[in-house]
Every structure is written in C-alpha cells, then in structure tokens.
Amino acid sequence: MKMKPTLVVLAAGMGSRYGSLKQMDGVGPHREAIIDYSVYDAIRAGFGKVVFVIRHSFAEEFMEVFDKKRFGGKIEVEYVYQELDYLPNGFQVPEGRVKPWGTNHAVLMAKDAVDTPFAVINADDFYGKEAYQTIAAYLTSGLKPGEYCMVGYNLKNTLSDYGTVSRGECTVNEAGQLTSMVERTAIARQGDRVFYSDSEGDHEIDENTPVSMNFFGFMPDYFTKSEEMFVEFLQQEKNQTNLKAEYFIPLAVNNLICSGAATMQVLTSEAQWFGVTYKEDRPFVVDRIRSLIDAGVYPENLWGLKD
C-alpha cells in the first residue's frame, strides 16, 4: 500500500499587499477560500494529511474557519506556527528585524508534523486539480531521499495586472530536471514586455520562462538538508545586517541542485494558475472559480456546509 503524501500549506503571510488575511477571504459561492479548493483537490488526488503553517496572532481566527470538522474527516489536519524567533539553537532575531524569514523557514516549521513525501503550496494560489494529481502521482512513485519535484508554469500565465510579483526563474535540462532556480522579485509587465527588478535595476525576462509558483514536492530528508542551509544562511553577515533578507524555497532548492545533493523533476500541468496577490485580483478569481463550478470541476457547495 502506497503511503499517502502530505500537503503543507504556507498560510503565515499577513497579506500586506492584499490588505487583509487573504488566506481566509471567501471567493467561492459559499464563502470558500482558495485554501478550500486546494484541500479539496488534494483529497481527490490522494493526499492523506494537510499541515497549515500559520501564526499565533491569527491562529484562533484561522482555526475557527479551517477546523478539522470542515473537511468532513476526509483528511487529517494539523497546525504549526511560523514566528520570527523560531530559529535554530544559538541564533537570535537581529535587533530591528520585523520581517518574517521567508518561505523555506515556513516549511521548516512543519518538520515534526510530516513523515511522508510532501507537497508545499502557497495558501493564496490556485493551482488546479490536474496539478495535484500530477504531483501526487510522482510523490507516490517510489522516490528516494533527494529526489524532489515541482510543478512549473509559464511566467506569462502567472502575472498580476495590479502590481509586481515574485517568481522562481527555472532552467530545465533535456531530461526535464531543474538545473538552476533564481528568485526574481518585482516582476511586472511593461507594455508587451516583462521585467524584474533588483538592486542593479530592471532586467527583461522572456514571458515564456518556466517559473516556480511554490508548488514543490519533497521527501522528508529535505527538512534536514534545508535546516543545515538555514544555519549557514543565518551565519552570513549580509543576512544579519539586511533586516529584509529571506530564506526562500528557491534559494534552498538551487543550492541543493547545484551541489548535486538533490534532483528536482519539473512536472508540467495543463491546469491554469491564478491567485490573489492584490485585492484587485479578487474579481477575476471569483469569476474563474464560478466558471470551473459551471464546468462541473467543483460542486456548488464544496463541503456541503450551511451558510
């Protein structure tokens, strides 16, 4: 019997650009959030557990909505917490730092809650049922430690009309394996071209570039590997003095790939990604979900809950 994979949902972000806790914003006809559709897709793809990475400041509010009863006993549910001072032994939060440590720090918070192959997603991204089926099939195909995967998307299909986004730019070899991944921030369309910005200015990037939407698949050994790299990250003086330095998943993955410590298969999916980075994205998301319901992909009332 195959071991059911676990879904780790990164829901600790505060939604500063969105203006509210976007993880809980109802976009479905019965106030279902994007998280609900993610869990629904995960259940029918064969996932056996979901781990929500949240923060203590809104934990009570979050768990009141996404409680264990909500999903009808169809999947095991656990909650873990990402806080600024949850650091390896010997490290302290630099004076003046208020920004969270980033997505891979959030993943590390799930270490004690996961003992199976697992997928990682963002709470505010809609990946589509085919993407869950694709990654679940790969995670249950008898992988060895260090054999990872991700679902890739074309950059042009992941941009927002209302502001900049961050994406992991991917380079893929002929075997479909990732050879490098670099986090690009402040990506936006300017006319018919796409640019990202960094400390050296603006740089054009091909709109068909494969990018990561933080939909990764890992074996449990990833926790040990990435924790070791997080210690190295914290030891670097530039990350001690830069109060906005973040430990991104693409940074950890790229280090493992380039050092030969892991491989990552880039899986393709016909599913259409969309998300709610900005409040202005919300009407489009509502319309897209409505169209998927009308097409029979999802039921009108996802969990059969009373309003």
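The values are calculated or read from the model by the stated rules, or taken from the named source; none is laboratory data. All values reported here derive from a predicted model rather than from experimental measurement. As a convention, Cβ positions derive from the backbone with ideal geometry for all residues, glycine included, and neighbour counts pool all protein chains shown.
Please work out if K49 is in contact with an Asp or Glu (Cβ under 6 Å, 6 or more places away or on another chain) and either within 27 Å of P299 (Cα to Cα) or modelled with pLDDT of 95 or more (or both).
Details: in contact with an Asp or Glu (Cβ under 6 Å, 6 or more places away or on another chain): yes; either within 27 Å of P299 (Cα to Cα) or modelled with pLDDT of 95 or more (or both): yes.
Against the criterion (in contact with an Asp or Glu (Cβ under 6 Å, 6 or more places away or on another chain) and either within 27 Å of P299 (Cα to Cα) or modelled with pLDDT of 95 or more (or both)), K49 qualifies.
Looking at segment 51-70, can you tell me whether even one residue there is closer than 28 Å to S226 by Cα and either among the basic types (K, R) or in contact with a Cys (Cβ under 9 Å, 6 or more places away or on another chain) (or both)? So far as segment 51-70 goes, yes, one or more of its residues are closer than 28 Å to S226 by Cα and either among the basic types (K, R) or in contact with a Cys (Cβ under 9 Å, 6 or more places away or on another chain) (or both).
One residue stands out among those in segment 270-286 that are assigned to a helix (DSSP H, G or I) and aliphatic (A, V, I, L, M): the one that is surrounded by the fewest Cβ atoms within 10 Å (Cβ to Cβ), which is V286.
Kindly provide the set of residues from segment 103-156 that are of a type in the set (D, E, K, R) and under 11 Å from G217 (Cα atoms), ordered by number. So that I can check it myself, show each step before the final result.
First, pick out the residues of segment 103-156 that are of a type in the set (D, E, K, R): 111-112, 115, 124-125, 129-130, 144, 147, 156.
Within segment 103-156, just E147 meets the criteria.
Reported count of residues in segment 240-262, each being surrounded by fewer than 17 Cβ atoms within 10 Å (Cβ to Cβ) and polar (S, T, N, Q), is 4.
Checking L302, L267 one by one, the residue that is of a type outside the set (S, T, N, Q), part of a strand (DSSP E or B) and in contact with a helix residue (DSSP H, G or I) (Cβ under 7 Å, 6 or more places away or on another chain) is L267 and no other. Being hydroxyl-bearing (S, T, Y) and either surrounded by 21 or more Cβ atoms within 10 Å (Cβ to Cβ) or over 19 Å from the mean Cα position of the chain (by Cα) (or both), is that true of even one residue in segment 182-194? Within segment 182-194, not a single residue is hydroxyl-bearing (S, T, Y) and either surrounded by 21 or more Cβ atoms within 10 Å (Cβ to Cβ) or over 19 Å from the mean Cα position of the chain (by Cα) (or both).
State whether one or more residues within segment 227-247 are touching a strand residue (DSSP E or B) at 6+ places or on another chain (Cβ under 7 Å) and in a helix (DSSP H, G or I).
First, pick out the residues of segment 227-247 that are touching a strand residue (DSSP E or B) at 6+ places or on another chain (Cβ under 7 Å): none.
No, segment 227-247 has no match at all.
If the condition is being hydrophobic (A, V, I, L, M, F, W, C), modelled with pLDDT of 95 or more and out of contact with any Phe, Trp or Tyr (no Cβ under 7 Å at 6 or more places or on another chain), then segment 112-132 contributes A113, V114.
Scan segment 148-175 residue by residue and report those that are charged (D, E, K, R) and either over 16 Å from E207 (Cβ atoms) or modelled with pLDDT of 85 or more (or both). Show your work before the answer.
So the first thing to find is which residues in segment 148-175 are charged (D, E, K, R), and the list is 156, 161, 167, 169, 174.
Within segment 148-175, K156, R167, E169, E174 meet the criteria.
State yes or no: is V80 in contact with a strand residue (DSSP E or B) (Cβ under 9 Å, 6 or more places away or on another chain), crowded, with 17+ Cβ neighbours inside 10 Å and at pLDDT 95 or above? If you could, list the steps in order and put the result at the bottom.
Working: in contact with a strand residue (DSSP E or B) (Cβ under 9 Å, 6 or more places away or on another chain): yes; crowded, with 17+ Cβ neighbours inside 10 Å: yes; at pLDDT 95 or above: yes.
Considered against the rule, which asks whether it is in contact with a strand residue (DSSP E or B) (Cβ under 9 Å, 6 or more places away or on another chain), crowded, with 17+ Cβ neighbours inside 10 Å and at pLDDT 95 or above, V80 comes out as yes.
The condition of being in contact with an Asp or Glu (Cβ under 8 Å, 6 or more places away or on another chain), at negative phi and among the hydroxyl-bearing types (S, T, Y) does not hold for Y138. Pairing each residue of segment 153-177 that is free of Cβ contacts under 8 Å to residues at least 40 places away in the same chain with any residue that is assigned to a helix (DSSP H, G or I), provided the two are 6+ apart or on different chains, yields no C-beta distance under 9 Å.
Does segment 15-46 hold any residues that are within 18 Å of the chain's Cα centre (by Cα), at pLDDT 90 or above and under 21 Å from R290 (Cα atoms), and which are they? Reasoning before the result, please.
Applying the first criterion (within 18 Å of the chain's Cα centre (by Cα)) to segment 15-46 yields 15-18, 21-25, 33-43, 45.
Cutting the leftovers down to at pLDDT 90 or above gives us 33-43, 45.
Selection gives A33, I34, I35, D36, Y37, S38, V39, Y40, D41, A42, I43.
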